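Below is one structure, written out as structure tokens, with a few remarks after it.
Since every read-out is calculated from the coordinates, none of them should be taken as a lab result. From a predicted model like this one, the values you see are computed outputs, not experimental measurements. Methodologically, a virtual Cβ is constructed for each residue, glycine included, from the backbone with ideal geometry; neighbour enumeration extends over all protein chains shown.
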Amino acid sequence: METKLILGNFHHFPPEVRVMIWNYLQPEGKDTTATRAPKTSLSILRANKALAEEISYELYHGFELNLEISPNHRRDHWLTAYNINKKAVWCIRGETDARDRGLENFPFDRIRSLNISLLAPDPHDPGQLLCLWRKVNRLVKFLQGIRVSCIKKMTVSFLSHENSAWYDEKTEAATSSMCEGLPKAATSRMGEELFEALQDYRVLFAPFVRLRNIKDLEVRTGSTQLEGAVDWNMIQEVVCIIKERFGHGFPSTKTNQEMHDDSEFMDGYRFLAYILEDALDHLGGWTAAMLRLERESQWCLVRRHLMLASYADWGAGWRRRQLLRDIPAKRAALLADLSWGTKKDDISQSMGDLLLEY
């Protein structure tokens, strides 16, 4: 009698049939240039708690959400989201579009995995690496603001794309689009340590160190060559730190204070952000030109934001304006220095935060 009251008319069907019915609630439809795939109505979940739990389990326990980030520059496209069988494909235009589609409230803590695929940039268009860098940072910031407490599992994959790969067979090493796209006068001043830090996979994996709500993280390579060229010690160290933040890290001999002290990684991330922002002034190619155009178009907004900040807090506004004026000088000093690797301690944390904010 109790089951009848909870399930209503659905109690007439055996569990196997009910599962077939619930599967019709799986999202379907693909976005096109002219139309957007309709959202699936899940209003039935508000009927009662027992029905919601049964339906939610069938919908989410084996569900994998795939987010594909392309290096191609398109102002109306941020990333592509789809499920395992690609019956549903959404072209996400930006953060607002992602919220409208329910990604901010999506139950990442209940699905099997969130899979993030990073498509390889074109080495002949080095600006694509910077385009990927910005898209990944936007995704990381978006995931930091989701409503659920954690992401059950995340997988980051480096995949080939349009004859572009993460591994260079000529040099037998991981690709480094940034170093290849910079002028020789700039790359000659790089130390070996900085040159390795600018390998494509390192650059794009760096933003994930900012995440603090990941229960499990896995990194995959799309080829055996890249698997042999990747610095897995660095990857595992970052994965371990992210897990330790959530309390699921590997056993460590470090103290609790040392385990949660990620200042070194964050300093390296800010330094990398500064290097990439500076490199944009020197890179050639169509994508880099479009990124510079976008940056200049937003410059007036930055100035307006600083002016409004000065009204709210004159001290903070004055300090930000001073930092903004110091950017060209800092950039010139960095380019003039003969050893880029020695400038890490000279770049303040405030400068890195300013570049990341704008």
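Here SER157 and LEU45 are evaluated by their C-beta separation; at R0 = 45 Å the FRET efficiency comes out at 0.90.
Largest first, the three principal axis extents of the alpha carbons in the range 62-297 are 50, 45, 37 Å in whole numbers.
Listed cross-link partners LYS87/LYS135; LYS39/LYS87; LYS39/LYS135; LYS30/LYS215; LYS141/LYS243 are compared with a 22 Å cut-off, the Cα-Cα value being larger for LYS87/LYS135; LYS39/LYS135; LYS30/LYS215. Counting beta carbons within 10 Å around each of PHE158, PHE106 and listing the fewest first gives the order PHE106, PHE158.
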